[in-house]
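Colleague: I'd like to ask some things about the structure below.
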Amino acid sequence: MANGNPLKNKKNKFLKRVPFNWIIALVVLYFLISSLNMNANGVPKEMTYSSFYKILKEEPRKIKSLVLTKVENELKGEFVDPVTVIIGTETISTRFFKVNIPDNDQGLLELIKENVPNFDVKPPKTLLVGLLFNLGPILLLIIFWLWMANRGEQLGNKIMTFGKIRPKIQGGKEGGEKVTFNDVAGVDEAKEELKEVIEFLKDPRKFQKLGGKIPKGVLLVGPPGTGKTLLAKAVAGEADVPFFGISGSDFVEMFVGVGASRVRDLFEQGRKASKASGKGAIIFIDEIDAVGRLRFSGIGGGHDEREQTLNALLVEMDGFDGQQGVILIAATNRPDTLDPAILRPGRFDRNIVVNFPDIKGREEILKVHTRKLKLSSGINLRAIASQTPGFSGADLANLCNEAALLAARFDKENIETLDFEKSVERVLMGPEKKSRIMSQKEKEITAFHEAGHALLSLLLPEVNPLRKVSIIPRGIAGGYTFTPPLEDKHYWTKSQLKSEIAMMLGGRGSEELNLNEITTGAQNDLEMATQMARRMVTQFGMSDVLGNITLGKREGLIFLGRDMMEERNYSEQTARIIDDEIKKIVDDAYFHAKDVLKLNIDKLKTLTAKLLEKEVLDGEEVKALLGISKPDVII
């Protein structure tokens, strides 16, 4: 591309180097000082030579001072008190005056020397100083005008590039940090799906000779933090092709047509980069739901800018030529909101689900994130991975960072297993609040409550084993009982769910047995137990009365875990039965929890007393204290 007019470029560079802010400040200061001086000294009135000569000769005491400027032959002076003088046809009173005198008037000078004690002569100004003094403000104004004209030109250039896109570029000649599949873990299935894309970019003839076509678009679908963006970068890194990354929100502007222009510009940049690299290019659009949302369908208002942008995206994807080697990868965690036109084969030919990693995947992710950490010998990453079910890759990265910060806070040389365990609790439940002041009565209530949970986790065979119990407040909880699963679960039996509900209600049961009173501390337990019982009845078909049916249709963000609305497809009578079944499940679990605690009341009181003494107990300490040998396996 041509560089344009060199003279114009030099002028722009010169104008950029000139300190215009200082110049403007100096001009303002000059006029301000001139104005102050004029106001302080007054405006001198021009007298006639005869009037001045008469005063000088007859009343010289009226003259306070005189200053003679040689070049202008101008005499400026000040009277002691205001004097009435005639100027032209007007008679005015003035204190400051000036008089033009003839050249070489020796008589006047002699008279001044004799009669005026305060008399001074200013030396003549040089030509350069005179020009600078007289023309300086004008030159400054001209430079200021040129600067304003240059700013206007720059603004015009910005307006002309308003429809251009500025993607983040990785690979190719642009450089940038290279990401490969070695930096991505826990998503083996997604990596296998994407290997075809890499092979096509490396050797497209392998597919083309058989008439095959690589997918034009790949849609990565999954919850936030599972590594969708990292996967797309890894594909570009493995294939060693330019990578253009952009967010869907970068296309949406207030002005109609800007988003569509940016879409066209992005694909044009991708085609040029593909041609320049000779291998292809990858365009990655993150959060594509911001621009690919379902278009106006008659309910609610439309959005002209977003719809025009989506139309431009659809046209560009249809215009893709497989020979160009440009592949579009997009990511979203809201696939249900996308327009059907963008999901059809020929645009996004392949949908890849990137879900939460299993225990093996979490272990591999921890290995990736601990490469640069100084770990102590003997750390079992598998055991740490078992404590983090439901964690995404981003959560595990945060966990490793929290462990490193915690170790550094205590001036340790290496990161220990205890640091990881404390970080898991911190990420899940928040920091400990050791400074929170609790009365002895509240401590006893918390100890009885948490002891009930902990004891049932050891006595009920179908719940997760106890890892730790504490009566130190953490986050919004007054205490906590930590029972993480040792392995990932994909199926739950009815008896397991009932045991989980019983364990949730163990805190309330322990309060009632030991205090003959119930407290508000069980609010969250009751909420979780009721929610689980409702799902058993309405979603899992585990009600003896209603049988094997599901009730209510939920529509929402399936990967964000939020129900936007629920369609009630059952009668009022069925709703009453649902309520009765939920109450029956919760009540049966509560009575079962109380019965188990009654049979082991001595162990409950022993555990409570130990908690009041030490505040925090791990699972092995509790087992040894109570003489319970529950294996660390989930039945």
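The values are calculated or read from the model by the stated rules, or taken from the named source; none is laboratory data. What you see is a predicted model; the values in this text were computed from it and never measured. Using ideal geometry, Cβ is built from the backbone for each residue, glycine included, and neighbour counts are taken over all protein chains shown. To get the accessible areas, we keep the full protein, side chains included, count just its heavy atoms, and leave off ligands, DNA and RNA. Shrake-Rupley method; radii C 1.70, N 1.55, O 1.52, S 1.80 Å.
Colleague: I'd like the carbon and sulfur percentage of the solvent accessible area for the stretch 373-451, probe radius 1.4 Å, heavy atoms only, ligands and nucleic acids excluded.
Modeller: Whole-percent figure for carbon plus sulfur exposure: 50.
Colleague: Output the pairs from Lys191/Lys216; Lys583/Lys603; Lys468/Lys610; Lys498/Lys603; Lys216/Lys272; Lys441/Lys594 with a Cα-Cα distance over 19 Å in this structure; if there are none, say none.
Modeller: Lys583/Lys603; Lys498/Lys603; Lys441/Lys594
Colleague: Another question about this same structure. Quick one: which of 461-467, 211-217, 419-425, 368-374 comes out on top by average Cβ neighbours within 10 Å, and what's the full order, highest first?
Modeller: Values: 461-467: 19.7, 211-217: 15.9, 419-425: 21.6, 368-374: 14.3.
The peptides rank, most packed first, as 419-425, 461-467, 211-217, 368-374.
Colleague: Would you mind checking Lys443/Lys598; Lys233/Lys422; Lys598/Lys623; Lys178/Lys372; Lys279/Lys372 for any pair whose Cα atoms are more than 28 angstrom apart? Mind showing how you got there, number by number?
Modeller: On the way: Lys443/Lys598 22 Å; Lys233/Lys422 32 Å; Lys598/Lys623 19 Å; Lys178/Lys372 17 Å; Lys279/Lys372 33 Å.
Beyond 28 Å between Cα atoms: Lys233/Lys422; Lys279/Lys372.
Colleague: Taking square-rooted eigenvalues a ≥ b ≥ c of the alpha carbon gyration tensor, is the stretch 368-491 rounded, prolate or oblate, where a/c under 1.5 means rounded and, failing that, a/b exceeding b/c means prolate?
Modeller: Oblate is the answer for the stretch 368-491, as a/c is 1.5 or above yet b/c matches or exceeds a/b.
Colleague: Ignoring ligands, DNA and RNA, how do Glu307, Glu364, Glu572 rank by accessible area with a 1.4 Å probe, largest first?
Modeller: Order by accessible area, largest first: Glu572, Glu364, Glu307.
Colleague: Let me ask something else about it. Leaving ligands, DNA and RNA out of it, rank Ile142, Ile472 by accessible area with a 1.4 Å probe, largest first.
Modeller: The ordering from most to least exposed comes out as Ile142, Ile472.
Colleague: Keeping all protein chains in place, calculate the accessible area per residue for the stretch 407-541 (probe 1.4 angstrom), answer in Å².
Modeller: 48
Colleague: Another one. Please give every one of the aspartates and glutamates within straight-line cross-link reach of Lys367, meaning a C-alpha to C-alpha distance under 12 Å, and leave out same-chain neighbours fewer than 8 residues apart.
Modeller: Cross-link targets: Asp183.
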